[in-house]
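Bear in mind these aren't lab numbers, they're just calculated from the coordinates by the rules spelled out. The shown structure was predicted, so the numbers you read here are calculated from the model rather than taken from an experiment. Ideal geometry is used to build each Cβ from the backbone, glycine not excepted, and the neighbour counts take in all protein chains shown.
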Amino acid sequence: MKQIFFSIITATKDPKNISPTLNSLKNQNFKNYESIIIDSSSKPIKNKIRKKFNFKYIYNKKLSLYNALNHGIKISKGNVIFFLHSDDILNKNNILERVEKFFQKSKSYIIYGDIIMSSNRYKRIWRPGNFNKKKIYSGWHPPHTAFFCKKNLFSKYGLFKTKYSIASDYDFMLRLMLSVKSEKIKYLKLPIVKMKIGGTSTKSVTNIIKSNIEVIKILRSFKIKNYLKIVILKLLTKFFQIRLK
């Protein structure tokens, strides 16, 4: 049996807008993937959606976001893990095809790309550019929603740390980017996903504050001394990505 290439993991607490997400996956030219949905909402996903789309489904309303993602990783069978959040959509029908070809060509362990975020008034385009470890100390990091990595990295460097409720993806990416050889981390200049502005870390002032407190704790755990500078530069970078419509 052919090895599954991608495991696409979706953790959701609000699946009401999940159909466009699953449509964007179903319409991909590249078909060697599995879709895993970990649902911790108050009610299970409707049967008509479960019949329309092909995915593994786990329902457990007690799971937190990062517990759900960790569970998805543990049951996944693909070589490469990607997290496609509910309400996000793959930008074009050839995204998985292009990422798979880039993995094969570059022999990378990690590939990341661009994302497009929008609201009624403005949009934000995140183009992280080529990888350089030094940039991490200036507040740089790739968008976690356009981040593909080999599954065996989770075995080597660990799963998401559930003690963080908002910024555990940043902690995980830092672990990888500071440990994996630079030549195995590649940037693909391609908008991977389109998403609405207002994810968990930015949907309220309280969450923005909480997210940045967690980021400071994460940076200190890596014994990075200029953590306040990094947090400020992270925020400034996001601000300069915004464009009015």
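If amide hydrogens are placed 1.01 Å from N in the peptide plane, which non-local residues have theirs closer than 5 Å to the one on VAL193?
ASN91, ILE116
From the alpha carbon gyration tensor of the range 53-136, can you work out the equivalent ellipsoid semi-axes (sqrt of 5 times each eigenvalue) and give them in Å, largest to smallest?
After diagonalising the Cα gyration tensor, the semi-axes are 25, 20, 15 Å.
Just want to confirm a number: the relative contact order over the chain, from Cα pairs under 8 angstrom separated by 6+ residues, in percent.
22
Tell me the label-point distance for the pair LYS189, GLN241, using the 7 Å Cα-to-Cβ offset, in nm and rounded to one decimal.
Between LYS189 and GLN241, the simple spin-label model gives 1.8 nm.
Among SER118, LEU96, ILE136, which residue has its Cα furthest toward the positive end of the charge dipole of the range 6-244, with +1 on Lys/Arg Cβ and -1 on Asp/Glu Cβ?
ILE136
Looking only at the range 57-92, which residues have a backbone nitrogen under 19 Å from a spot 7 Å from the Cα of LYS31 in the C-beta direction?
Taking a point 7 Å out along Cα→Cβ of LYS31, the residues of the range 57-92 whose backbone N falls under 19 Å are 78-79.
Tell me which lysines have Cα within less than 16 Å of LYS223's Cα, excluding those fewer than 8 residues away on the same chain?
Straight-distance partners of LYS223: LYS133, LYS134.
What is the magnitude of the charge dipole of the chain about its Cα centre, with +1 placed on the Cβ of each Lys and Arg, -1 on the Cβ of each Asp and Glu, and no other charges, expressed in debye to the nearest 20?
It comes to approximately 120 debye.
Ignoring everything except DSSP H segments at least 4 long, calculate the 222 nm mean residue ellipticity for the chain; use -39,500 (n - 2.57) per segment, divide by total residues, nearest 500.
For the chain, the value works out to -10500 deg cm²/dmol.
For the range 95-111, what does the Karplus curve 6.51 cos²θ - 1.76 cosθ + 1.60, with θ = phi - 60°, yield as ³J(HN,Hα) per residue in whole Hz, taken in order and with x for Gly and Pro?
4, 5, 4, 6, 5, 4, 4, 5, 4, 5, 6, 8, 6, 7, 9, 9, 10
Quick check on the chain: of the DSSP beta bridges with both residues there, what percent are antiparallel, nearest 5%?
In the chain, DSSP labels about 40 percent of beta bridges as antiparallel.
For each pair in LYS92/LYS151; LYS51/LYS161; LYS62/LYS184; LYS107/LYS238; LYS26/LYS105, compute the distance between the two Cα atoms and list the pairs where it is over 28 Å.
LYS51/LYS161; LYS62/LYS184; LYS107/LYS238
Compare the peptides 86-92, 213-219, 38-44 by average per-residue count of other Cβ atoms within 10 angstrom and give them in order, highest first.
So the peptides 86-92, 213-219, 38-44, ranked by packing, come out 86-92, 213-219, 38-44.
Rounded, prolate or oblate for the range 83-182? Axes are the square roots of the Cα gyration tensor eigenvalues, ordered a ≥ b ≥ c, and the cut-off for rounded is a/c under 1.5.
Note, shape of the range 83-182 comes out rounded.
Computed from the coordinates I sent, Cα extents along the principal axes in Å equals one of (i) 50, 40, 38; (ii) 116, 39, 32; (iii) 54, 45, 33. Tell me the label.
(i)
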